[in-house]
Amino acid sequence: MGDERSHQVDPPVHNEVSGSVGRDSLQAGTLFSGGTHFHVLRRRWRPWVWGTAALLSVALVWVLAVALSDHPAQDSGEPLVVRVREVTDPLWVWAFPDPVPEDALREGALAPTNERRGQLFRDRGAVLSSAYKVTFRGVEKSTSVYQVSLLGNRSEPVRVLDIRTRVLRRTATLDGALVAILPQNEQPVREVVTDLDDPDGTVWLTGDGGAAPRRYLDVKYLTLPRGDEVVLQLTALSARDHYEWELEVAVVQGADTRSTLRVRSDGTATGAPFTSTGWDHDVRYRGGRFSVEPTDDKPGWHMVRAG
């Protein structure tokens, strides 16, 4: 009989007991099942607990906001982002370091696009110039034109203190060959220029009506907050020599944090240098001097030997 009772399962009886076990937030109960007693603890959150948690969350968010405002994220990268684009005038000159077969010159000269012409000619080491020359301080000079964009990249405004060119390499005139579309009309005005023949490297703003040029940053005040941009149409001048060069841009930010950026033809400090070359009709080009002229026949242009 005793064994039979030990296997008998009585109907479960649930008995809730008022009282506390441990903390006020715990409710005790006793569950009887098969003669075995279990204590079950039920966690019951009080309304004041939820309110306290919410207040703590708000306080934490406020503390984090104050901390971030007192310690803003540090700026990264250079003070200015610089972008550079070579400007191709409708009338152009390509100078080559070595003689080039006339058929290859003709293929490039009559190419349907500037991009295709540039690809063909640069593969042979040629350097692009504008067909327009500029008289600067009484000397006629060849020109090459670059569009230089300066974009602010700091939480505090960046002031540009100086812009100048630094020559990396200077060689004699590229006298291999010359091919050009020469102008027949008035030359365009070049306002922002730098004379590569002058070791000082100053960037100048040319005057109207023959007035003397002035240092560009003596006339223009450049301060660039983040996202603000200024674009310079910079013309490099050379009488005859060939140059590889870069830009130096001196800036100041904050109270007195000064730095100098070096800029090359791709806008970085380490890319290929800018290139500019002088050309002249009086130079004896070993592979010849050629002119591209309009014609009534297709494609509308032909190349002729000019010297």
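The values are calculated or read from the model by the stated rules, or taken from the named source; none is laboratory data. As the structure is a prediction and not an experimental result, all values here were calculated from the model. Virtual Cβ from ideal backbone geometry, glycine too; neighbours counted across all protein chains shown.
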Against the conditions (1) touching a helix residue (DSSP H, G or I) at 6+ places or on another chain (Cβ under 6 Å); (2) farther than 27 Å from VAL292 by Cα; (3) among the hydrophobic types (A, V, I, L, M, F, W, C), where does LEU168 fall short? Just the number, please. (1)
Provide a single number: the residues in the range 118-144 that are in contact (Cβ under 8 Å) with a residue 12 or more places away in the chain and either crowded, with 21+ Cβ neighbours inside 10 Å or closer than 30 Å to ARG214 by Cα (or both). 18
Confirm whether VAL230 is among the β-branched types (Val, Ile, Thr), surrounded by fewer than 16 Cβ atoms within 10 Å (Cβ to Cβ) and in contact (Cβ under 8 Å) with a residue 24 or more places away in the chain. yes
Can you say whether THR235 is farther than 16 Å from THR275 by Cα and of a type in the set (Val, Ile, Thr), as far as the supplied structure shows? no
So for the range 235-258 (the condition being touching a residue at least 24 places away in the same chain (Cβ under 8 Å), loosely packed, with under 14 Cβ neighbours inside 10 Å and touching a strand residue (DSSP E or B) at 6+ places or on another chain (Cβ under 7 Å)), does at least one residue qualify? yes
Pairs, please: C-beta under 9 Å, at least 6 apart or cross-chain, first residue closer than 18 Å to LEU178 by Cα and of a type in the set (D, E, K, R) and in the range 291-307, second modelled with pLDDT of 90 or more and assigned to a loop (DSSP other than H, G, I, E, B)? GLU293/ILE181; ARG305/GLY288
Residues of the range 77-116 being surrounded by 14 or more Cβ atoms within 10 Å (Cβ to Cβ) and small (Gly, Ala, Ser), in sequence order, are ALA95, ALA104, GLY108, ALA109, ALA111
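Would you call VAL203 part of a strand (DSSP E or B), over 20 Å from GLU140 (Cα atoms), in contact with a Leu (Cβ under 9 Å, 6 or more places away or on another chain) and β-branched (Val, Ile, Thr)?
Spelling it out, it is not the case that VAL203 is part of a strand (DSSP E or B), over 20 Å from GLU140 (Cα atoms), in contact with a Leu (Cβ under 9 Å, 6 or more places away or on another chain) and β-branched (Val, Ile, Thr).
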Being modelled with pLDDT under 90 and touching a Pro at 6+ places or on another chain (Cβ under 8 Å) is the requirement here; does GLY176 meet it? no
Regarding THR223, is this residue hydroxyl-bearing (Ser, Thr, Tyr) and either under 21 Å from GLU191 (Cβ atoms) or outside the structural domain of LEU196 (by TED's automatic domain parsing) (or both)? yes
Go through the residues of the range 272-286 one by one and say whether even a single one is at pLDDT below 95, within 30 Å of PRO101 (Cα to Cα), β-branched (Val, Ile, Thr) and in contact with a Leu (Cβ under 9 Å, 6 or more places away or on another chain). yes
